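Here's the structure, in structure tokens; my notes come after.
The values are calculated or read from the model by the stated rules, or taken from the named source; none is laboratory data. Not measured: the values here are computed from a predicted model. Reconstructed Cβ throughout: ideal geometry from the backbone, glycine too, with neighbour counts over all protein chains shown. Note: areas computed on protein heavy atoms with side chains; ligands, DNA, RNA excluded. Shrake-Rupley method; radii C 1.70, N 1.55, O 1.52, S 1.80 Å.
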There are 2 protein chains.
Amino acid sequence: MQAVGLVVEYNPFHNGHFHHVQEAKRQTGAEIAVAVMSGQFLQRGEPALVDKWTRTKMALAGGVDLVIELPYVYSTALAGEFARGAITLLDAIKCSSFGFGSEQGTITPFLNTFELINSNRQQYNDSIQAAMKTGVSYPKALHQAYEKLTIGQPDQYIDLSQPNNILGFHYIEAAHSIKSTIQPMTIQRIGAGYHEDADRTKHIASATGIRKALSEGQDIAQFVPPSSYKLLEEWLTKHGAFMSWERLWPLLKYAILRHTPKQLTIFADVQEGLENALIKHAKASSTYQEFMTNLKSKRYTWTRLQRMLAHIYTGITKEQLQAFTSPSYIRLLGMTTEGQRYLSVNKKNIELPLISRVASTKDEMLALDMQATTMYGLGMELFSKQKIDEDLKTPPIRI
Amino acid sequence: MQAVGLVVEYNPFHNGHFHHVQEAKRQTGAEIAVAVMSGQFLQRGEPALVDKWTRTKMALAGGVDLVIELPYVYSTALAGEFARGAITLLDAIKCSSFGFGSEQGTITPFLNTFELINSNRQQYNDSIQAAMKTGVSYPKALHQAYEKLTIGQPDQYIDLSQPNNILGFHYIEAAHSIKSTIQPMTIQRIGAGYHEDADRTKHIASATGIRKALSEGQDIAQFVPPSSYKLLEEWLTKHGAFMSWERLWPLLKYAILRHTPKQLTIFADVQEGLENALIKHAKASSTYQEFMTNLKSKRYTWTRLQRMLAHIYTGITKEQLQAFTSPSYIRLLGMTTEGQRYLSVNKKNIELPLISRVASTKDEMLALDMQATTMYGLGMELFSKQKIDEDLKTPPIRI
């Protein structure tokens with residue numbers, strides 16, 4: 001029984017994701033699809049629109065057979081760490097392949113790019129560092145270094161300015177670094193650029209476009225499977241709103257202002273005077289949007305600032321984040337009957353403990369996932385009278 | 001020009017306080033009354049019903065000529081420290097006397113009690129420590145030790161089980177410890193015990209009774225001067241509610257759960273396993289009342305727990321609280337024309353800097369007052385669309 005792995009956020013699960021799951025299964029011939037999904041906080045440093053249980057239901061309804069949680073430590077990390085956490089878990093659960101969506105759409109240029117960078121690692125890193133020293137952001141520095149490396153023969157390589165290509169590169173790099181035999185494959189993203197607004201003439205829009213449409217109160221039925229649509233509607237009826245940084249702003253502002261500048265530096269990425277800027281702008285801002293607009297500078301990307309804010313919000317310190325070398329468990333969020341069968345068959349080969357029900361916080365990495373869930377839940381309590389399910393003792397969703 | 005000093009919270013200013021101001025002036029012959037008033041957080045560890053500016057207006061309308069702020073460090077401390085901060089300020093601003101309300105009502109038994117305890121300090125302290133070791137609360141231990149000391153001749157001494165007598169004792173002790181020549185006098189509290197409910201047949205009720213009546217939506221016009229009544233009404237119209245721990249509960253709960261047990265121990269009084277109890281009960285409780293009922297044990301008084309919570313709420317650590325030996329400034333919150341005249345006349349004799357307008361946070365004790373005001377203000381934002389005045393650049397109220 002073969003499984004193909006997917007690295008996902010499903011924020012929310014849409015038609016593009018549905019297409020991706022079907023294609024990954026079809027092209028690899030795998031019988032089941034395993035999604036390693038971020039929990040309540042995502043790689044762009046944002047709280048998920050709806051909680052992980054609801055997104056798990058969407059995934060299972062959309063063709064995924066097993067949903068496992070990407071621990072907070074990885075789900076809110078830079079692309080490299082994010083990829084390493086995810087691929088390690090897909091490898092540990094014995095996926096024979098993994099498939100990712102990309103702008104590129106074919107795997108050979110990814111392998112070429114990885115080979116090129118891997119054999120010129122020192123030169124590449126030096127060149128990134130040099131660019132950073134001129135004051136540009138990390139993504140820009142990386143782009144400049146890459147252009148230098150591929151000069152004269154760009155067609156053999158991927159375009160590393162495309163967000164999904166970047167992630168794909170990191171997945172391949174991660175598989176190599178953990179010496180996994182897992183086989184990469186890629187599927188061309190169709191119908192929508194990463195940051196594009198939802199196009200009403202199509203049935204596929206990016207998750208970013210869909211979230212924007214949702215925040216503006218527009219109907220998104222054409223972009224998501226009926227199951228997702230129903231779950232989003234149910235959430236809205238139950239809680240009155242989708243989760244967002246704007247909703248969490250009163251708590252985030254309070255969290256920031258509760259610290260001295262020095263105390264703030266215990267959180268990852270709070271450095272180089274950002275501790276003072278955080279306090280200054282939090283005091284002066286009434287909304288999250290206003291705050292971020294004031295905080296944003298050329299030096300830091302929006303997502304880097306947001307990841308830093310996620311850590312401040314959850315109270316998870318740099319020391320806590322850096323205490324780990326590798327995922328220590330596989331947390332099951334949901335499974336179909338097929339997914340369950342896959343687990344029974346492969347149980348003895350899976351090296352990490354499978355966690356169906358969180359009984360205690362003894363595992364420190366898992367404790368951080370629970371912390372993130374609790375903090376997400378407290379944010380919900382500001383606008384919803386209904387509580388979300390907490391980690392403790394919530395069993396996996398089964399369909 | 002003589003001034004009598006008063007140590008107050010005015011939460012809110014009521015008829016008993018009005019009586020106290022008039023009597024203090026009459027009995028001492030002082031031309032003005034100076035009140036050293038707690039800011040946004042009080043000695044019982046509670047946020048004030050209405051902010052310090054509104055309470056300053058009440059005080060000025062009620063006969064007080066100068067209102068100065070008791071710094072947060074002292075306003076939320078145990079009775080001994082609270083008294084030391086307050087008396088030091090009244091001494092620094094050159095009050096010739098200070099008057100306090102007491103159950104006792106005459107000063108001689110206070111002086112006798114102080115003399116007795118002061119000359120038997122070691123025996124008294126040993127006896128308190130011994131009682132504490134049997135597991136009783138601090139006030140109980142103190143009571144037992146005191147009974148032992150005064151055995152056979154209780155009539156010459158004050159009843160140290162009465163809350164206002166305790167405070168009075170500490171004021172006299174404080175004056176002695178700073179070698180002040182300030183003269184103590186006391187005024188019999190009339191009409192209401194400290195913890196009694198408001199009695200509708202009278203015109204005097206305790207602040208506790210009045211707060212309870214307010215929280216139940218009862219009319220309190222008979223218990224407060226018309227000026228206080230008007231200010232309370234205006235506050236309610238503007239903000240929709242009075243401040244309370246219950247209102248701050250979503251933020252307090254978030255603050256507690258954002259920490260690991262170990263991190264919580266940086267706050268004063270979080271020890272002996274309270275760090276775990278805080279997290280456990282915060283998770284399980286929907287209201288402040290429920291939380292406190294679960295947290296309360298024989299070992300700790302309600303007010304001690306609340307003071308600890310005030311520090312957790314404001315984010316002010318044990319280290320920050322313990323950084324000071326004595327008040328470093330006199331913060332003016334409000335003054336009448338007479339009060340202003342007093343300051344002009346005595347300016348050269350006043351040893352501490354007079355602060356009318358907070359321009360910066362360079363003084364670290366003052367920075368904590370500002371921090372407490374900011375945190376109180378963020379709590380307000382949960383239920384009011386109107387902001388309170390912040391410390392920065394708010395000038396004293398003048399009438």
Quick one: which residues, 5+ away or cross-chain, put their amide H under 5 Å from the amide H of residue A:331? H built at 1.01 Å from N. A:69, A:355
So how much accessible area does residue A:44 have, in Å² to the nearest 10, using a 1.4 Å probe? 50 Å²
Which order, highest average first, do B:54-60, A:17-23 follow once you tally other Cβ atoms within 10 Å for each residue and take the mean per peptide? B:54-60, A:17-23
Roughly how far apart, in whole Å, are the Cα centres of region A:36-62 and region A:380-399? 13 Å
Which distances, shortest first and in nm, link residue A:381 to the matching position in the other copies, using label points set 7 Å out along Cα to C-beta? 2.0
Give the average, rounded to an integer, of partner chain Cβ atoms located within 10 angstrom of each Cβ in B:312-319. 2
Which distances in nm, rounded to one decimal and ordered from shortest, link the label point of residue B:356 to the equivalent label points in the other identical copies, with labels set 7 Å from Cα toward Cβ? 7.4
Sparse-neighbour loop sites [GluC sites (Glu not before Pro); region A:231-317; at most 14 other C-beta within 10 Å; DSSP]: A:272
Too long for a 18 Å Cα-Cα cut-off, among A:283/B:52; A:140/A:296; A:362/A:387; B:25/B:230; A:57/A:230; B:262/B:318, are A:283/B:52; A:362/A:387; B:25/B:230
Counting every C-alpha pair in the protein assembly as shown, the percent lying more than 40 Å apart is 46 percent
Inter-chain Cβ neighbour average for residues A:256-262, partner chain, 10 Å: 4
Quick one: order B:166, B:388 from most to least accessible surface, probe 1.4 Å. B:166, B:388
How about region A:364-399: which trypsin sites (Lys or Arg not before Pro) there are in a DSSP loop, with at most 13 other Cβ atoms within 10 Å of their Cβ? A:385, A:387, A:393
Compute the label-point distances linking residue A:294 to its equivalents in the other copies; points lie 7 Å from Cα along Cα→Cβ; give nm, one decimal, shortest first. 3.6
Taking every eigenvalue of the Cα gyration tensor of chain A, multiplying by 5 and rooting it, what semi-axes result, largest first, whole Å? 29, 28, 22
Once Lys and Arg are counted +1 and Asp and Glu -1 for all other residues with Cβ under 11 Å from that of residue A:278, the total becomes +1
Loop only by DSSP, 11 or fewer other Cβ within 10 Å of the Cβ. Give me the trypsin sites (Lys or Arg not before Pro) in region B:239-333 that pass, ordered by residue number. B:298
What number, rounded to the nearest 500 deg cm²/dmol, is the helix-based mean residue ellipticity at 222 nm of chain A, given -39500 (n - 2.57) per DSSP H run of at least four residues and division by all its residues? -15000 deg cm²/dmol
Between the alpha-carbon centers of region B:104-182 and region A:78-126, tell me the distance in whole angstrom. 73 Å
So the carbon and sulfur contribution to the accessible area of chain B, 1.4 Å probe, in percent, is 52 percent
Region A:220-255 and region B:260-336 have their Cα centres apart by a whole-number Å value of 35 Å
If you take the accessible area of A alone, add that of B alone, and subtract the area of the pair, what total do you get in Å², probe 1.4 Å, to the nearest 100? 2000 Å²
If each K or R counts +1 and each D or E counts -1, the residues other than residue A:159 whose Cβ falls under 11 Å of its Cβ total -3
Report the label-to-label distance for residue A:118 and residue A:387 in nanometres (one decimal), using points 7 Å from each Cα along the Cα→Cβ vector. 4.8 nm
Below 11 angstrom from the Cβ of residue A:132, what's the summed charge of the other residues (Lys, Arg +1; Asp, Glu -1)? +2
To the nearest Å², the heavy-atom accessible area per residue of chain A with 1.4 Å probe amounts to 42 Å²
Which whole number of Å³ per residue matches the convex hull of the alpha-carbon atoms in region B:118-265? 222 Å³
Only bridges with both residues in the protein assembly as shown count here: give the DSSP antiparallel percent, nearest 5. 15 percent
Using Cα pairs under 8 angstrom and six or more residues apart, how large is the relative contact order of region B:107-161, in percent? 44 percent
